[in-house]
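Below is one structure, written out as structure tokens; the observations come after it.
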Protein chains: 4
Amino acid sequence: MPDAACGGKGCAAGKGFCDVRERWTDLAVEAQGQGGAGPGQSERLSGGIERTVVRIDSEASARELGRPMGEYVTLSCPQTLSIDLSTRRALSGELARVLRHMLPPDARTVLVTGLGNRSVTPDALGPRTVERVLVTRHMEGCLPAELSARMARVCAAAPGVLGVTGIETAEVLRGMVEHVKPDAVIAVDALAARSSQRICSTIQVADTGITPGSGVGNHQKALCEETFGVPVIAVGVPMVVYASTIARDALGALGGDDGSVDERQLTDCIERVVSERLGDLIVTPREVDALVERMAGILSEGINLALHPGLNADEIAQMMAQ
Amino acid sequence: MPDAACGGKGCAAGKGFCDVRERWTDLAVEAQGQGGAGPGQSERLSGGIERTVVRIDSEASARELGRPMGEYVTLSCPQTLSIDLSTRRALSGELARVLRHMLPPDARTVLVTGLGNRSVTPDALGPRTVERVLVTRHMEGCLPAELSARMARVCAAAPGVLGVTGIETAEVLRGMVEHVKPDAVIAVDALAARSSQRICSTIQVADTGITPGSGVGNHQKALCEETFGVPVIAVGVPMVVYASTIARDALGALGGDDGSVDERQLTDCIERVVSERLGDLIVTPREVDALVERMAGILSEGINLALHPGLNADEIAQMMAQ
Amino acid sequence: MPDAACGGKGCAAGKGFCDVRERWTDLAVEAQGQGGAGPGQSERLSGGIERTVVRIDSEASARELGRPMGEYVTLSCPQTLSIDLSTRRALSGELARVLRHMLPPDARTVLVTGLGNRSVTPDALGPRTVERVLVTRHMEGCLPAELSARMARVCAAAPGVLGVTGIETAEVLRGMVEHVKPDAVIAVDALAARSSQRICSTIQVADTGITPGSGVGNHQKALCEETFGVPVIAVGVPMVVYASTIARDALGALGGDDGSVDERQLTDCIERVVSERLGDLIVTPREVDALVERMAGILSEGINLALHPGLNADEIAQMMAQ
Amino acid sequence: MPDAACGGKGCAAGKGFCDVRERWTDLAVEAQGQGGAGPGQSERLSGGIERTVVRIDSEASARELGRPMGEYVTLSCPQTLSIDLSTRRALSGELARVLRHMLPPDARTVLVTGLGNRSVTPDALGPRTVERVLVTRHMEGCLPAELSARMARVCAAAPGVLGVTGIETAEVLRGMVEHVKPDAVIAVDALAARSSQRICSTIQVADTGITPGSGVGNHQKALCEETFGVPVIAVGVPMVVYASTIARDALGALGGDDGSVDERQLTDCIERVVSERLGDLIVTPREVDALVERMAGILSEGINLALHPGLNADEIAQMMAQ
């Protein structure tokens, strides 16, 4: 989730920077609707999951949709307070398949990184996910050869956010990448969606990398192949909608979108309604604390299955419980 | 904050019950604007604090404003990400004064109770506050007489919410009240406001008691003098605005309030925009985790000063740090 | 786990009260060895679990062992950092069987209570367990009849400890019992063992109820059938050993037990070694945070299976994940 | 605090590696007593604080005491459950003085790092401390010049432990140091002491850097000037004593130290008493959760005062509360 511009501890300047932001979304599948590009290809899988693939394959589309060229796979399930066990397994299994498809075929060493601020509940998805990743890089030589052969060399890090560390996320990770020399990086982050129905019901996997804080005009270095020299796969789940999006959508639903309300008037309305003096106002379910834990479980299960294809879910659960 | 109707663990029926709720507020000072009643009396205090007193003194007003007769004192300060130390001290000092004014003059034994669900961040204000209350009831006989004379007999409880315990809050507390026989009860709760500018910048103190879940048509027994036989003082701070309020206000700002948009159309719009399938959607600041801690500190300081007038802030801090 | 005598927040008198405590244990199966009573009956079950039943069936034995008459069932598994999945399921399944054996055969309404202080890691086992109990009492009328018929009416509470609430645990619970009128109470608590090998590898279930703080000469009212009028089943797991026990055992291992070291000398040694100025010193595994979570999962699974025999583990997991 | 050798998630080999460890201590002031070196120089300061300076200034002493050459300053206060406010301020003020004395005089950019595992309560001191450090590096250009002139450029990181990340701490930090190019590094860690009276009552500051896991024969790279190219100041507070130390000391107190008990017999005793199958057994106060928070507050206050000498404690508190 976007880190507040410089809104960390002690910043005098942490004022609302995105108050009249266009209905912001980190999802390519939603941006598409806005940008006029054609729809992605959707497919209904078992377990009630829908997989949509959006490919941004020209510079023009990339500019139009405001995100880098590449493949964006969206897995979504019906949004309910309770994801049943079979849907969870279907989601984590499908995530594993998508990740294996995007990872270099011979990837042996992988760095999994959880972006976001662990002290901000909806933004803690990344750190909470990496806590449950089965880390093995430091155990080489300790494990029985039979077991070792079935596992990748995995390391994990939650580098914190600029506002808390004072260092750009990309810079923290660059040092690790140089030392660990992974074959790929997987970066997990909480996202913002345009539609509240996407919250906690959609997983986006992209082979494009990710730019921390991109939603807030907070220009940080991207985590991507260009920066790190190895492929960066971004895994994200919407945890919030911006309050300004809800306000805009209410106005749009009333007919504003057809041009009957002009943009200036819209912006004025939103500014009157959504005071952003207290940082970003976000829209989120009351149950977000529990939802973050649940989604971190699904993501880490998918990542563990993708990285250690020689282990099944029970073996992984067993190893995680030390 | 209102507990979801029966939306606790395992409830199949936890669907959106408040999706087209009228711009809900737990603040008398905001309800007033809606109800047409005259404005409360405001006074500007030192430290940038404004104190507004609303008295609902007739059954007619009570019906109109949808809340019980009594005195509602609102303390508010400018909303900023950072409340400076002098404002904090001014707030807790003024809260102590208001509480002392509302407590029975000879109150010696007081039960402080923190309502809400400690596992739901913005709803954890009550439980977090009581954790910092200086509890003394069990120490009688242990303390030096000199010290004991300057302190009240205070006990504290966070009874949990119906969805988690399966027991109504009033019933859990009634047993304690019967055993402890306090001279008064102070009940701390997180509230919902109509205006996002009220979040974490307003404290409401009322001599009317409080009804858990009142905002959600979830009819629980009130915590009040009638139920418990002793005065119940409610202390609340808005931590959220309902997403439907934001949407309604956006529409209102566009002219909906003057009658140009009819109510049915409004409700339809909101239903289209604010999907409530995932429990209540709330609007809250990104920083709500930190804001809850800070406000719990201010409230507990005010309560401790009010209950132990023989101790100063340093002595209380010292005793709390065991 | 024993609450410090009056050592809550603000107590000036919280000094070491148990510094030369006899190798303290809350386990009947360990006390027995000390008291000279005959050994319990042990049986090896599938999944590597050993079940030992100790019956204290005379007042003389009760006095000798310093605990009430009744049946104490101990389930133990080999202590390892990692309890494998099959052992976990065997433990929770066997716990369910023992509980069903001890519960009144027609028990329909049950109150599950988690004793201990949630802010003290090894003492948080009780509160953490009840968070995962499937609470249903408030949902009557909400659930489909078919489902409702297969479930008990369960409510749950974590009443806190005397030092934090200022009210005795038994008093807090008594009010709930009077209101809820359960057919039985299940009380979950963290225990102290004599042997560090018991930590997190032993579950004691007793039909005797439990006395909070009994290990520390801190005379609180017992939670038992006499107090509440309904059976109270105690479920406990050792999370700590007292430091003084370790010191005594070291001395004993050197030959002190055979009389070559006199008791006065022993006590002096321990006092010199184990400074208890900072509250009780406890011996606990480094990993206690993770172990508490894992054991809370096992206990709640056993309790849920025992109370809702019409549901299987997957259905319960599903309902808990709301 | 030492990280378990390779005892992270999933390690099959995490068995007791330090069961008969010599009474381990991370404190130079305690090692000294063992090594036979002369006592350090002690001085009693105001506020009841004692400052002891140990200088290890020859390779022989370094070998004998098993720690690097350099200056070790120990601040200690009487151990009580409650450190009063004046003692806290005296401790943080004195820590600031010691740090300023050890920091390069013209240090402008400083990296503060909190070692240890935030999911293991007594080991979370480092991460909890850095959460409260006033981070400013990312705000250059954002702050008023007047304010900026009074503040250092501070960044902060909690790199996690080898068992959780799969990367050595020194390697994670090396990348950051290369990017940030600080003038000095301050590394905060929880320590193990020999005497339980040292727990939470002693702060050790050393200009020698620190070796993660040094207490457990777990040979990781040191964080020191040699590794990083800039001075590394280690700040540590004992949070635990090893259970084996308590057992050894009990035996020693009985006369073992004078040679009457031979080493083999001692070791056998300890092995019988202190089962280390469940990771390291540690001795710690029951209240360790609260003590970690309190000590993190004292350390961060000292660090903030040392790094931003132009700000007073109130200004720092104000900026931290964003």
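The values are calculated or read from the model by the stated rules, or taken from the named source; none is laboratory data. None of these values were measured; they are calculated from a predicted model. Note that each Cβ is placed from the backbone with ideal geometry, even for glycine, and that neighbours are counted across all protein chains shown. Accessible surface areas use protein heavy atoms only, side chains included; no ligands, DNA or RNA. Shrake-Rupley method; radii C 1.70, N 1.55, O 1.52, S 1.80 Å.
Ranked highest first by the average count of other Cβ atoms within 10 Å around their residues, in what order do D:66-75, B:195-204 fall?
B:195-204, D:66-75
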Descending principal axes extents, segment A:66-134, alpha-carbon based, whole Å: 37, 34, 30
Relative contact order computed over segment B:27-123 (Cα-Cα under 8 Å; 6+ residues apart), in percent: 21
For B:220-227, mean number of other protein chain Cβ atoms within 10 Å: 0
Pairwise burial A:D, computed as accessible area of each alone minus the pair, summed, 1.4 Å, Å²: 3000
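Give me the percent of accessible area attributable to carbon and sulfur for segment B:150-228, probe 1.4 angstrom.
On segment B:150-228, the fraction of accessible area on carbon and sulfur atoms equals 43 percent.
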Per-residue average of Cβ from other chains inside 10 Å of C:195-205: 2
5 Å binning of all Cα-Cα separations within segment D:79-228, expressed as whole percents from 0 upward: 2, 8, 15, 21, 21, 15, 10, 6, 2, 0
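What order, most packed first, do the peptides C:230-243, A:290-303 have when packing is the mean number of other Cβ atoms within 10 Å of each residue?
C:230-243, A:290-303
Assuming R0 = 51 Å, can you tell me the calculated FRET efficiency for the pair residue B:80 and residue A:226, based on Cβ-Cβ distance, to the nearest 0.05?
Once the sixth-power term is evaluated, E becomes 0.85.
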Ranked packing of B:304-316, D:173-185, most packed first, by mean Cβ within 10 Å: D:173-185, B:304-316
Pairwise label distance in nanometres, residue C:106 with residue B:106, each label 7 Å out on the Cα-Cβ vector: 5.1
20 Å cut-off, amide nitrogen to a point 7 angstrom out along residue D:314 Cα→Cβ, residues in segment B:301-322: B:301-302, B:312-318
Label-point gap, in nm, between residue D:294 and residue D:42 - each point 7 angstrom along Cα→Cβ: 2.2
Accessible area in square angstrom per residue, segment C:45-187, 1.4 angstrom probe: 36
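Given a 1.4 angstrom probe, I'd like the percentage of the accessible area of segment A:39-87 that is carbon and sulfur, rounded to a whole number.
On the way: 1270 of 2590 Å².
Accessible surface attributable to carbon and sulfur in segment A:39-87 totals 49 percent.
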Computed accessible area, residue C:56, all protein chains, 1.4 angstrom probe, square angstrom: 10
Share antiparallel - DSSP beta bridges, segment B:60-208, percent rounded to 5: 35
Shielding by other protein chains, D:287-300, mean Cβ within 10 Å: 3
